[in-house]
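Data block below; observations after.
The values are calculated or read from the model by the stated rules, or taken from the named source; none is laboratory data. None of these values were measured; they are calculated from a predicted model. Every residue, glycine among them, receives a Cβ derived from its backbone with ideal geometry; neighbour counts consider all protein chains shown.
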Amino acid sequence: MIHQPSRADVTRFGVTASTRIGNAVARNRVKRVLREVFRNHRAALVPPMDVIVIAKPGADTLTYAQAAIEFARALDIERA
């Protein structure tokens, strides 16, 4: 995960999932789950940030709960 302060007044999110993740169905599921995690954590991202997630092989097996934990952990580690 990469994040930096946003030049805009809003928090923005980008996600990429290559074919190494799996077929189109698996890649789209990963992106849907990550977008939902972001929507639920957007308010906690103060000041506004640009967040980019690069899905790695194995991401297609993550549940929503696991993705939420990893998302929060990545932001906390990088802020410290």
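Quick look at the values:
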| quantity | calculated |
| --- | --- |
| Where a residue in region 1-28 is under 18 Å from Ala43 (Cβ atoms) and its partner, wherever it lies, is among the polar types (S, T, N, Q), with Cβ under 8 Å and at least six apart | Arg12/Ser6 |
| Residue among Ile52, Ile2 that alone is of a type in the set (A, V, I, L, M), out of contact with any helix residue (DSSP H, G or I) (no Cβ under 8 Å at 6 or more places or on another chain) and surrounded by 13 or more Cβ atoms within 10 Å (Cβ to Cβ) | Ile52 |
| Single unsatisfied condition, Val15 versus (1) modelled with pLDDT of 95 or more; (2) surrounded by fewer than 17 Cβ atoms within 10 Å (Cβ to Cβ) | (2) |
| Filtered residues of region 21-41 (kept if at pLDDT 95 or above, surrounded by fewer than 16 Cβ atoms within 10 Å (Cβ to Cβ) and charged (D, E, K, R)) | Arg32, Arg35, Glu36 |
| Region 49-78 residues that are of a type in the set (Ser, Thr, Tyr), paired with ones that are part of a helix (DSSP H, G or I) and surrounded by fewer than 14 Cβ atoms within 10 Å (Cβ to Cβ) (beta carbon under 8 Å, 6 or more apart) | Tyr64/Glu36 |
| The lone exception for Val15 - which of (1) out of contact with any strand residue (DSSP E or B) (no Cβ under 9 Å at 6 or more places or on another chain); (2) under 14 Å from Phe71 (Cβ atoms) it fails | (1) |
